[in-house]
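The structure appears right after this line, and notes come after that.
The values are calculated or read from the model by the stated rules, or taken from the named source; none is laboratory data. All values reported here derive from a predicted model rather than from experimental measurement. A quick note on method: Cβ atoms are made from the backbone with ideal geometry, for glycine too, and the neighbour counts reach across all protein chains shown. Quick note on the areas: whole protein, heavy atoms, side chains included, nothing else; ligands and nucleic acids left out. Shrake-Rupley method; radii C 1.70, N 1.55, O 1.52, S 1.80 Å.
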Amino acid sequence: VQLQASGGGLVQAGGSLRLSCATSGSIFRFNVMAWYRQAPGNQRELVAAITNGGNPNYADSVKGRFTISRDNAKNTVDLQMNSLKPEDTAVYYCNAYRFGAPAYWGQGTQVTVSS
């Protein structure tokens, strides 16, 4: 499966962006879809994940600000990001899990939050 993230850009602190991940095939077979991010000099970290049943999980740093959603019919996974902070600046990647671990990585999208 191929994953393509889009929706990144430059935004001021406090602003919002909506990232979208389009896939080449059905995402229904993937119990977990997730968004990760990687800032310069940092390791890639999990931002949010969502199961096929629609149960989300968030990193503590984004709880209450980010919302992950998935549409199995459209094969898309979105990340709504509100109240953005400069520390949210990173390249964001979507991912599909296999056997409980991240397996398929898409091309990332850059998010830059200015102070």
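Within the set Asn52, Asn75, the sole residue that is within 17 Å of Gly7 (Cβ to Cβ), surrounded by 14 or more Cβ atoms within 10 Å (Cβ to Cβ) and out of contact with any Leu (no Cβ under 6 Å at 6 or more places or on another chain) turns out to be Asn75.
Screening Val111 against (1) buried (at least 18 other Cβ atoms within 10 Å of the Cβ); (2) under 13 Å from Ala48 (Cα atoms) leaves a single unmet condition, (2). The set of residues from region 6-55 being among the aliphatic types (A, V, I, L, M), modelled with pLDDT under 95 and in a strand (DSSP E or B) comprises just one member, Ala22.
Can you say whether Gly9 is without any contact (Cβ under 8 Å) to a residue 40 or more places away in the chain and either more than 13 Å from the chain's Cα centre (by Cα) or open to solvent by 60 Å² or more (accessible area, probe 1.4 Å) (or both), as far as the supplied structure shows? Write out each step before concluding.
On the way: without any contact (Cβ under 8 Å) to a residue 40 or more places away in the chain: no; either more than 13 Å from the chain's Cα centre (by Cα) or open to solvent by 60 Å² or more (accessible area, probe 1.4 Å) (or both): yes.
In short, no.
Listed here are the residues, each with its yes/no results for (1) touching a Gly at 6+ places or on another chain (Cβ under 8 Å); (2) assigned to a loop (DSSP other than H, G, I, E, B); (3) charged (D, E, K, R); (4) surrounded by 16 or more Cβ atoms within 10 Å (Cβ to Cβ).
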site: Asp60; (1), (2), (3), (4): no, yes, yes, no
site: Gly64; (1), (2), (3), (4): no, yes, no, no
site: Thr67; (1), (2), (3), (4): no, no, no, yes
site: Leu84; (1), (2), (3), (4): yes, yes, no, yes
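Total residues in region 77-115 satisfying the condition of being under 17 Å from Ala34 (Cα atoms) and of a type in the set (Ser, Thr, Tyr): the figure is 5. A count restricted to region 17-45 and to residues that are open to solvent by less than 60 Å² (accessible area, probe 1.4 Å) and either under 15 Å from Met81 (Cβ atoms) or without any contact (Cβ under 8 Å) to a residue 24 or more places away in the chain (or both) stands at 9.
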